[in-house]
1. Give me a count of the residues in the stretch 1-33 that are of a type in the set (A, V, I, L, M, F, W, C) and surrounded by fewer than 14 Cβ atoms within 10 Å (Cβ to Cβ).
2. Which of (1) surrounded by 20 or more Cβ atoms within 10 Å (Cβ to Cβ); (2) without any contact (Cβ under 8 Å) to a residue 12 or more places away in the chain is the odd one out, the single condition residue 124 does not satisfy?
3. Read through the list (1) aliphatic (A, V, I, L, M); (2) surrounded by fewer than 16 Cβ atoms within 10 Å (Cβ to Cβ); (3) at pLDDT below 95, then give the number of the only condition that residue 36 fails.
4. Which of the residues spanning the stretch 97-121 are in contact (Cβ under 8 Å) with a residue 60 or more places away in the chain and β-branched (Val, Ile, Thr)?
5. When the residues of the stretch 39-53 are narrowed to those that are of a type outside the set (D, E, K, R) and at pLDDT 90 or above, which ends up farthest from residue 90 (Cα to Cα)?
6. Name the strands (runs of 3 or more DSSP E) wholly inside the stretch 40-109 in which the number of residues that are under 17 Å from residue 21 (Cβ atoms), over 12 Å from the mean Cα position of the chain (by Cα) and not acidic (Asp, Glu) is 2 or more.
7. Just give me the residues in the stretch 1-17 being of a type in the set (A, V, I, L, M) and either under 11 Å from the mean Cα position of the chain (by Cα) or not in a loop (DSSP other than H, G, I, E, B) (or both), in sequence order.
Amino acid sequence: MSATQAIRELIDHARTRLDIMNPYFSDPDIIQRVLAAAERGVKVRIVVSVKSNNPPAEAAFKYHYGDLLHAGVQIWEYPDAIVHAKLLIADDTAEFGTVNFDAWALYRNYEVAMMARSAELVKLFEERVFTPDIARSHPGTAPTGLSSRLQDWFWDKLSYFV
């Protein structure tokens, strides 16, 4: 099974918890799957950088903030550093490795991911990564203003190519 297939299945089968930390979160398919998880009652938290080193990918993701927040997704923006972790927790399973949630990594590159079905490992990721990083972060808010919404829409439509 490819890393992309594993990520899709983890998101689609999450029942209670979905925690994601990733530098680039611009793939529309993954975003729609996360939305569906939130809408079926899964508690979803996403940690991204306040400012990315890939502005088009950042803008493409921000285009979806309103829908994600409306569905109950918590978006946390980490300050003063680029989030570089590639981590997904679904219930008691952790997936981690080199996979960014953008089209380049998911569909074009050969990325590596490790999956561990381990409540103990999930607890360690919670204690050592998510809890301290969320404590330093602030809640994301949907962009306002026509200019920023148009720019985010533009990059969302091109996100498969960037």
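The values are calculated or read from the model by the stated rules, or taken from the named source; none is laboratory data. Fair warning: this is a prediction, and the values are worked out from it, not measured in the lab. For neighbour counting, all protein chains shown are included, and Cβ atoms are generated from backbone atoms with ideal geometry for every residue, glycine included.
1. 1
2. All conditions are met except number (1).
3. All conditions are met except number (3).
4. 99, 112, listed by residue number.
5. The extreme case among them is 50.
6. 93-97
7. Listed by number, the residues that qualify are 3, 6, 7, 10, 11.
One line per residue, one yes/no per condition, for (1) of a type in the set (Val, Ile, Thr); (2) within 16 Å of residue 8 (Cα to Cα):
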site	(1), (2)
75	yes, no
78	no, no
86	no, yes
95	no, yes
101	no, yes
110	no, no
117	no, yes
